[in-house]
1. Considering only region B:38-60, state which residues are under 20 Å from B:Thr351 (Cα atoms) and either acidic (Asp, Glu) or in a loop (DSSP other than H, G, I, E, B) (or both).
2. Do we find that B:Ser130 is within 12 Å of chain A (Cβ to nearest Cβ) and at pLDDT 95 or above in this structure?
3. So which residues in region B:300-327 are surrounded by 23 or more Cβ atoms within 10 Å (Cβ to Cβ) and either among the hydroxyl-bearing types (Ser, Thr, Tyr) or more than 21 Å from the chain's Cα centre (by Cα) (or both), if there are any at all?
4. Identify, please: which residue in region B:99-158 is hydrophobic (A, V, I, L, M, F, W, C), without any contact (Cβ under 8 Å) to a residue 60 or more places away in the chain and part of a loop (DSSP other than H, G, I, E, B) and is, among those, nearest to B:Cys34 (Cα to Cα)?
5. If you go through region B:190-216 one residue at a time, how many are under 15 Å from the mean Cα position of the chain (by Cα) and part of a strand (DSSP E or B)?
6. With respect to B:Pro63, is the statement that it is within 7 Å of chain A (Cβ to nearest Cβ) and in a loop (DSSP other than H, G, I, E, B) true?
7. Which condition breaks for B:Ile17 when tested against (1) within 11 Å of A:Ile318 (Cβ to Cβ); (2) more than 9 Å from every other protein chain (Cβ to nearest Cβ)?
Amino acid sequence: MKHDRILLDHGSGGRASHELIASLFLPQFDNEFLREMNDSAVMTIGGTKLAFSTDSYVVDPIFFPGGDIGSLAIHGTVNDLAMRGARPLYLSVGFIIEEGLPMADLKAIAGSMKNAAAEAGVVIATGDTKVVPKGATDKVFINTAGIGIIDPDVNISGQNARPGDKIILSGTIADHGITILTCREGLRFDAPLKSDSAPLNTLVAEMLAASRKINVLRDPTRGGLGTSLNEIAGQSRVGIRVHEETIPVRPEVQAACELLGIDPLYLANEGKLIACAAAQDAEKLIDIMHKNPYGRDACIIGEVISDHPGKVFMKTIIGGNRIVDMLTGEPLPRIC
Amino acid sequence: MKHLDEYRDPHLAGKLIDKIKALSHRPVRLMEVCGTHTVSIFRSGIRSLLPPSITLLSGPGCPVCVTATEEIDKFIKLGQQKDTIVATFGDLVRVPGSSSSLQKERADGADIRVVYSTFDALDIARRNPSRTVVFLAVGFETTAPTIAAAVKETKKEGIGNFYIIPAHKIIPPAMEALLAGGELAIDGFICPGHVSVIIGADAYRPVADKYHIPCVVAGFEPVDILQTIYMLLSQIEEGKAIVEIQYRRAVNFTGNEKALALLSEVFETCDAPWRGLGTIPDSGLRLRDNYRALDIETKFDLTVPRTQDHPGCSCGDILRGVKTPLDCVLYRKVCTPSNPYGPCMVSTEGTCAAYYKYHD
């Protein structure tokens, strides 16, 4: 059955999103920047290497434990720039607001954005506001775009993973995705769940100061760790092997996932990064990351291999082997 | 996470694998009846650890997969009714019917909402008194009691705009139908954990006795499943065919008395259509006379034209365990999770989706 309409799956960040971009947008907009399929485009203007990125935020609910749509919109674009090794500098902010949104909510969101921008050290340099009739959007949507500067000798891209690289993960997975899912559906658990939304530019700057042998950085947002690893394997034409026992998941997140029948590998993270780095620098990077609050649980979860290009394998906790595929559709709880 | 860690202990798992290997003297075919087991087996890589003499088959244990196309078409027709909200569990929205899916109907403007329990659907009805709210009552004995409770609550509160489409299936008759068909050669059943919490392990005695098939009720963690395989092999070696419980922390032999009483008060068994298995006597649930008015088919005519599954789709054979996805001509070539031809590729617990996601 072919799709003749846009479905929610097309925005999941998983396989359907990739297929939509590859089949519809790329043929229309084709150029060397988009073809790279990275978090930001990198371009040189007047001798300066710049990263340029944009993202839109439509999260529901707009306030959630650990953040809100405003801080998320700042963190998201700051992180997309940082994932090319850039120092984020200036952001634009566009609001699409539904008629009837309480003024207090908008003020709280703006305040949260101010704080998030201050922590990340970026300036909101330009913006736009639109109000649409009730029902034409859902409370508020925010678009942010940003630019940052990249040192000339830094070359980080999803295409640069090399066999032998270690795969580093900056901390626990699925915190944001499970928090949003349970908030949205009104599910309550004994242990509090909290989003990991955070700016990662300082962490990246410290990592780059310690090593220039970082080949790939990626923040595993929608589609989660599983999808991001597949993207890297596909872009770099390498295989990836990860070890399940090394992938950190908070017990309360694991319990919620078990209950709902959802694999934490495919839930969104908003304050975590994956790095592929030369093996000789991996331990040094882990030590540096542990000193930063956003990297204190950093660990090596696997390695890049030359076999099976484009595929991701997992050694399971009990010693079995299996494929890790991209997310297909939105993660949904099981019926049974 | 003590309660999970001990069931994922690699040393314990290694010991069980050694014991299984020591007992594996001849080819053995075991069927897991539950979709959650199928996913757990793939996710933990159990197949890669077992000796080649042991074949694990996936049975009709995914509630989405066994829902017949005619039932999906009814759900779609329902979504097209004016002023109607259709509330459903998640995976059903992606299942293709004869010519559409709930997901496509939603993109075309139908009000289809994914809920996590029947009571969420009931809340939608309370908040939308001018609209008809229908819950798609799909699932096995695991979900049926909560739906029965919601139906009772609806009647008690006098909520006039909440209905269900009863499309439940019950598991033991399907297991018997598989064996009675004669085309399936299996040596043991890995019986479902969640369903057995409700119905109790005694429900499988007719299968074990009549067909001389060992049955072991299993938990969902890797060590649970490995221990279950070992228990089944032990029975096979000793020539036994009895019902045992591996999942003792959740299941007993007689089931959940309260849930069973509730089920019996609200529902009665009826013949039901299963994808791949045809109509199986007494394998479905319909509302008893006292609650029949809450069946949406008393309000709307949801008769649908004769349905046909996609030509070449092997979901039926796969649900009966006579084919694996690798035997299907559509698998991976044109039928993929983002472009599914049949429900086994749609459901997160479907066999084809599990093969696609986890199989090299």
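The values are calculated or read from the model by the stated rules, or taken from the named source; none is laboratory data. On a predicted model such as this, the values are computed, not experimentally measured, just so you know. Note: ideal-geometry Cβ built from the backbone for every residue, glycine included; neighbour counts use all protein chains shown.
1. Correct list: B:Ser44, B:Gly45, B:Leu49, B:Leu50, B:Pro52, B:Gly59, B:Pro60.
2. Against the criterion (within 12 Å of chain A (Cβ to nearest Cβ) and at pLDDT 95 or above), B:Ser130 does not qualify.
3. B:Ser314
4. Only one residue fits best here, namely B:Val115.
5. Qualifying residue count for the region: 2.
6. Spelling it out, B:Pro63 is indeed within 7 Å of chain A (Cβ to nearest Cβ) and in a loop (DSSP other than H, G, I, E, B).
7. (2)
For (1) polar (S, T, N, Q); (2) modelled with pLDDT under 95; (3) surrounded by 18 or more Cβ atoms within 10 Å (Cβ to Cβ); (4) touching a His at 6+ places or on another chain (Cβ under 7 Å), each residue gets a yes or a no:
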{"residue": "A:Arg184", "(1), (2), (3), (4)": "no, yes, no, no"}
{"residue": "A:Pro192", "(1), (2), (3), (4)": "no, yes, no, no"}
{"residue": "A:Ala198", "(1), (2), (3), (4)": "no, no, yes, yes"}
{"residue": "A:Ile214", "(1), (2), (3), (4)": "no, no, yes, no"}
{"residue": "A:Pro220", "(1), (2), (3), (4)": "no, no, yes, no"}
{"residue": "A:Ile232", "(1), (2), (3), (4)": "no, no, yes, no"}
{"residue": "A:Leu265", "(1), (2), (3), (4)": "no, no, yes, no"}
